[in-house]
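To start, the structure under review is shown below, and the notes come after it.
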Amino acid sequence: MPLDNVKDWLYGCTHCGTCKDVLNIFVPACPSGEKYQVESYFPSGRMFLARGVNEGVLSLSDDDIRDRIYACTACLSCEQQCGVYHHQHIFETVQALRTEAVTRGLFNTGYMSMYYGLRGEDNVFGKPKAERGDWAKPLDVRNATSGNVDVIYHAGCMLSFDPQLWNVPRSCIEIMKAAGVEVGIMGKEENCCGGRAYETGYIGEFTKYAEHTIDTYNSLGVSSIVTSCSDGYSFFRNLYPKVGKDMRFQTLHTVEYFGSLVSEGKVTFKREVPMKVTYHDPCHLGRHLAAGLYDQPRDLLKRIPGIQLVEMQRIRENSWCCGAGGGVSQANPDLALWTANERLKEAALTGATALVTSCPWCERNFKDATAKGVAGLQVYDVAEIIRMAI
Ligand code: SF4
Ligand code: SF4
């Protein structure tokens, strides 16, 4: 979004500081501000930076300014806590500053591999496009490119190219097949959804992928796209309608789709999974949506025999971010891992032995953080727990 489009919101911030903590419980809300303890890394400071850039007294060519703009995880926690009229436009303002920087050729070197990866291989990691469907090799799953399925499972970049996470998409396919769903995958024909490019200011790349994805899924005549990726899901839901193309399919996240399959009796839990778990709400599955998917994953977990669900202090709308969003895991891994470690410490306080979530970006970041910080917590996607129980 161009900076011009957010000018109405730049002067809304009263600098009251309410966005720094979760309302009423007074625990930190903003990962970047909390890590750096400098006003300009908090949402209120970023609103000041935006005013300065807009008025020409600050310049995006200043590395310190851009550093602060890119150290935002797009968690929207500030938008949840702030009560002033501009509150739904705080990240939009950050995103507009990023767009402005890209437009002026002020590229963040942390995103160069993403940018060239998209241009060359249609994924944010620059991995060979031909390997995109490799995760499904041991499975007997249909190739959806010939238009012979009702439902397409969209793995997304992270689950397609991280072998340590392949148990997630494989579990999803096995659950759907056990339920009798005619599911297929696009394999090497699946592309990035383009959402990460949008969040980091590369609007042209986003539009290209959004248009291509909508055209492709429309042409295949499928009823539904099901995805495990919270980021991708929110982009399909929030950003795709803005590119002006008719979408003749619905997008569902696995937690809501599997909830329906359980309610219809198509998925039943036959095995006990004796585990004390706590659930992490991904920002893109919560605050990024008009109606966050907070109950769906919890309902699924509670229905599984043997699962004991215990809650952290900051949950649902007030959830603390995993740290990986908004391009931070690529451009500022220190901030991403610090934020994840803060969450893991909170999770450990519950006495749970496992942290369950429903986003591969969260899962990857927590796994990286457990390798370096809080040990002893296993990290799972909801689908992996369901797979253990069917
Ligand atoms: S963003 Fe909202 S809550 Fe934060 S300082 Fe500004 S007005 Fe207050
Ligand atoms: S979106 Fe999250 S990281 Fe960014 S300013 Fe708001 S609270 Fe801080």
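Derivation of every value follows stated rules applied to the coordinates shown; laboratory data play no part. Just so it is clear, the model here is predicted, and its values are computed rather than measured. All Cβ positions, glycine included, derive from the backbone under ideal geometry; neighbour counts span all protein chains shown.
Some observations on this one:
- Cα-based shape type of segment 326-390, given that a ≥ b ≥ c are square roots of the gyration tensor eigenvalues and the cut on a/c is 1.5: oblate
- Kyte-Doolittle mean at least 0.0, axial Cα span of 15 Å or more - DSSP H helices of the chain: 90-103, 167-178
- Amide H contacts under 5 Å for residue 29: 21, 22, restricted to partners 5 or more places along the chain or on a different chain, H placed in the peptide plane at 1.01 Å from N.
- Sorting 176-183, 227-234 by average packing, meaning the other beta carbons within 10 Å per residue, from highest down gives 227-234, 176-183.
- Subtracting the Cα-Cα distance of residue 109 and residue 290 from their residue separation scaled by 0.36 nm leaves 61.8 nm.
- Taking segment 110-262 and dividing mean pair separation by its residue count, relative contact order in percent (alpha carbons under 8 Å, at least six apart): 23
- Mean residue ellipticity (222 nm) of the chain, computed from DSSP H runs ≥ 4 via -39,500 (n - 2.57), nearest 500: -12000 deg cm²/dmol
- Residues of type aspartates and glutamates that residue 302 reaches as a straight line, Cα spacing below 16 Å, ignoring anything fewer than 8 places off in the same chain: 256, 272, 281, 311, 381, 384
- Looking at the chain alone, DSSP beta bridges between its own residues are antiparallel in about 5 percent of cases.
- Close amide-amide hydrogen proximity is noted between residue 251 and 225, each under 5 Å apart and 5 or more residues distant or on a separate chain (H modeled in the peptide plane; Pro and chain starts excluded).
- Positive-pole candidate from 75, 350, 160, dipole of the chain, charges at beta carbon: 350
- Lys, Arg +1 and Asp, Glu -1 on Cβ, resulting dipole of segment 110-262 about Cα centre, debye, nearest 20: 120
- Taking 25, 173, 304 as the candidate residues, the one with maximal mean-square fluctuation in a Gaussian network model of the chain, Cα springs under 10 Å, is 25.
- Percent RCO, i.e. relative contact order, over segment 3-106, from Cα pairs under 8 Å lying at least 6 residues apart: 35
- Backbone HN-Hα couplings from phi across segment 185-190 [Karplus 6.51/-1.76/1.60, Hz, Gly and Pro as x]: 10, 8, x, 5, 8, 6
- Net charge dipole size for segment 1-95 [Lys, Arg +1 and Asp, Glu -1 on Cβ; Debye, nearest 20]: 140
- Total lysine pairs under 25 Å (Cα atoms) in segment 110-262, excluding pairs fewer than 8 apart on one chain: 13
- Relative contact order %, the chain, counting alpha carbon pairs below 8 Å whose residues are six or more apart: 17
- The overall shape of the chain is oblate: from the C-alpha gyration tensor, with semi-axes ordered a ≥ b ≥ c, the ratio a/c is 1.5 or greater and a/b is no larger than b/c.
- For the chain, the Cβ-based charge dipole about the Cα centre amounts to some 600 debye (Lys, Arg positive; Asp, Glu negative; other atoms uncharged).
- At R0 = 25 Å, FRET efficiency that the Cβ-Cβ distance of residue 167 and residue 143 yields, to 0.05: 0.70
- Segments 75-81, 26-32, 85-91, 141-147 sorted - mean Cβ within 10 Å per residue, highest first: 75-81, 26-32, 85-91, 141-147
- Residue-wise HN-Hα coupling along segment 141-158, computed from phi with Karplus coefficients 6.51, -1.76, 1.60 (Hz; x: Gly, Pro): 10, 5, 7, 7, 5, 8, x, 10, 10, 8, 10, 10, 8, 9, 6, x, 5, 4
- Top of 274, 333, 43 by mean-square fluctuation, Gaussian network on the chain, Cα under 10 Å: 274
- Residues whose amide H lies under 5 Å from that of residue 379, counting only those 5 or more places away or on a different chain, are 355; hydrogens are built 1.01 Å from N in the peptide plane.
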